[in-house]
Amino acid sequence: MELTGKHIVLGVTGGIAAYKSAEVVSRLRHLGADVHVIMTRNATEFVTPLTFRTLTANPVVTDTFAEPEEWNVEHVALAKLADIFVIAPATANILAKMANGFADDMLSTTVLATKAPVLVAPAMNTGMWTAKATQQNVSVLKNRGVLFAGPESGMLACGDEGKGRMSEPADIVRKIQEILGRTEDLAGKKLLVTAGSTRERLDPVRFLTNDSSGKMGFAIAEAARDRGAEVTLVKGNTTAPVPDGVRIIEIESARDLLDVMKKEAPKQDIVIQAAAVADYRPAACAKTKIKKKDGEPMVIRLTENPDIAKTIGEKKKASQVFVGFAAETDHVAAHAQEKLIKKNLDMIVANDVTKPGAGFNTDTNIVTLITKEGSEALPIMSKREVADAILDRIIG
Ligand code: PMT
């Protein structure tokens, strides 16, 4: 893929792999990209700004103040200009700063401000990479949609052997091409995603619900937004931070959700139903708080909720793609297959919610994508990665 007309901002942090970033730049330039480099003070100890200025034909932004003429590029301007923001090599330090929203130098400030997709290529000693703090930061960043190239395993500059080598420049460039190819692949598409739990009222202060945090549905909304879709997010009760840049419709109960979906689903190209919807609700909702009756058992009668996916599935147009989720605890594939057919879905994403790292209120999920043509079991991934895998599959 040619990169002519694409603006790529490359952050270089202080590590021995910084010399490999020169090759990343030169490959990007050969593909026609306009590359702007921001170097941390430590990076300038490994490679000079002049190297990158010569390769990019653009001023290099540094924190050294050594060459004032380098500062004519304002950082927020670069954050806005970027079609993709790449940090290679990315040290444990920059990952920690990004995970915590620090903005104490040009690079961390600019990456915090950008709305472009962010790709990092970590490079560090194995002990630093596997440290709990780094892994926690990586997990936070992945869930926020930051993409990773590597690190790879091998002999490290410090003499240790293990994971921590920066990916090869050719692989980093391939990943950049893949991401830039993706950023537009849902342009012009309308996508609706449901997220969170429903609440089924028993009285003014009590309700029946479940553990859904909204993380899975939100990850789909963010991934679709980043790939150019016009996203509508229909959300029940959630605990995760709500994505920006998407249209939000709030619902409380399954019946509210049905009303919204009947109106909204016909307008969409793609509908993905990740919300955990109650199959039953209390047969009656008391007007006042139900009083305790000492010693007597409390019996609550439940009545079945409408099946929203099935209702909208009956009116699905040939041009539309409808995807459901199946939260299962046993006979996962069989139950999911049944729902695929019954609800007239094009794909069902089955998750065994009893598995550690899968299902409710986790940052990761373990899913199987099931269509009428077959199924694909995916390894444990961040919910954002699962979201992109689902979208990749829909686009085909
Ligand atoms: O939000 P998180 O904490 O990240 O958790 C993610 C998740 C576990 C909620 C998500 O991965 C998931 O599995 N969502 C579907 C939960 C669910 O309701 O599964 P189900 O097997 O009961 O329903 C199958 C499908 O029918 C779902 O798409 C559901 O939205 C839909 N449904 C269910 C019941 C109902 N009355 N109407 C429906 O439309």
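FYI, it's all coordinate maths here, none of it is from the lab. These numbers were taken from a predicted model, which means no experiment stands behind them. In this analysis, Cβ positions are derived from the backbone assuming ideal geometry, glycine residues included, and neighbour counts consider all displayed protein chains.
Taking the range 268-316, which residues are more than 16 Å from the ligand (Cβ to nearest atom) and surrounded by 11 or more Cβ atoms within 10 Å (Cβ to Cβ)?
We begin by selecting, within the range 268-316, every residue more than 16 Å from the ligand (Cβ to nearest atom); these are 269, 284-301.
Scanning the range 268-316 gives Asp269, Ala284, Cys285, Ala286, Lys289, Ile290, Ile300.
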Next item on the list: Among the candidates Asp226, Asp259, single out the residue that is within 17 Å of Lys310 (Cβ to Cβ) and of a type in the set (D, E, K, R).
Entry: Asp259
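Looking at the range 300-309, is at least one residue part of a strand (DSSP E or B) and touching a helix residue (DSSP H, G or I) at 6+ places or on another chain (Cβ under 7 Å)? First the steps, then the outcome.
At the first step, the residues of the range 300-309 found to be part of a strand (DSSP E or B) are 302-304.
Next, from what is left, pick out any that are touching a helix residue (DSSP H, G or I) at 6+ places or on another chain (Cβ under 7 Å): none.
Scanning the range 300-309 turns up no residue that is part of a strand (DSSP E or B) and touching a helix residue (DSSP H, G or I) at 6+ places or on another chain (Cβ under 7 Å).
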Next item on the list: Determine if the range 192-203 includes at least one residue that is in contact with an Asp or Glu (Cβ under 7 Å, 6 or more places away or on another chain), more than 10 Å from the ligand (Cβ to nearest atom), of a type in the set (Val, Ile, Thr) and within 15 Å of Gln268 (Cβ to Cβ).
Entry: no
Checklist line | Residues satisfying the stated conditions in the range 31-59, i.e. assigned to a helix (DSSP H, G or I) and more than 30 Å from the chain's Cα centre (by Cα) | finding: Thr44, Glu45, Phe46, Pro49, Leu50, Thr51, Phe52, Arg53, Thr54, Leu55, Thr56
Check: If the Cβ limit is 9 Å and pairs must be 6+ apart or interchain, which residue in the range 201-214 that is touching a residue at least 60 places away in the same chain (Cβ under 8 Å) pairs with which residue that is of a type in the set (Phe, Trp, Tyr)?
Finding: Arg201/Phe207; Leu208/Tyr280; Asn210/Phe360; Asp211/Phe360; Ser212/Phe360; Ser213/Phe360
Check: Is there a residue being in contact with a helix residue (DSSP H, G or I) (Cβ under 6 Å, 6 or more places away or on another chain) and small (Gly, Ala, Ser) anywhere in the range 261-271?
Finding: yes
Check: Any chance the range 219-226 includes a residue that's more than 30 Å from Ala116 (Cβ to Cβ) and within 14 Å of the ligand (Cβ to nearest atom)?
Finding: no
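Scan the strands (runs of 3 or more DSSP E) fully inside the range 332-392 and keep the ones with 1 or more residues being within 13 Å of the ligand (Cβ to nearest atom), over 26 Å from Glu178 (Cα atoms) and out of contact with any Ser or Thr (no Cβ under 7 Å at 6 or more places or on another chain).
Details: elements: 347-352, 367-371, 374-377.
Qualifying strands (runs of 3 or more DSSP E): 347-352.
Quick grid of which residues meet (1) assigned to a strand (DSSP E or B); (2) within 15 Å of the chain's Cα centre (by Cα):
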residue: Leu119; (1), (2): yes, yes
residue: Gly164; (1), (2): yes, no
residue: Ile172; (1), (2): no, no
residue: Lys175; (1), (2): no, no
residue: Leu180; (1), (2): no, no
residue: Arg201; (1), (2): yes, no
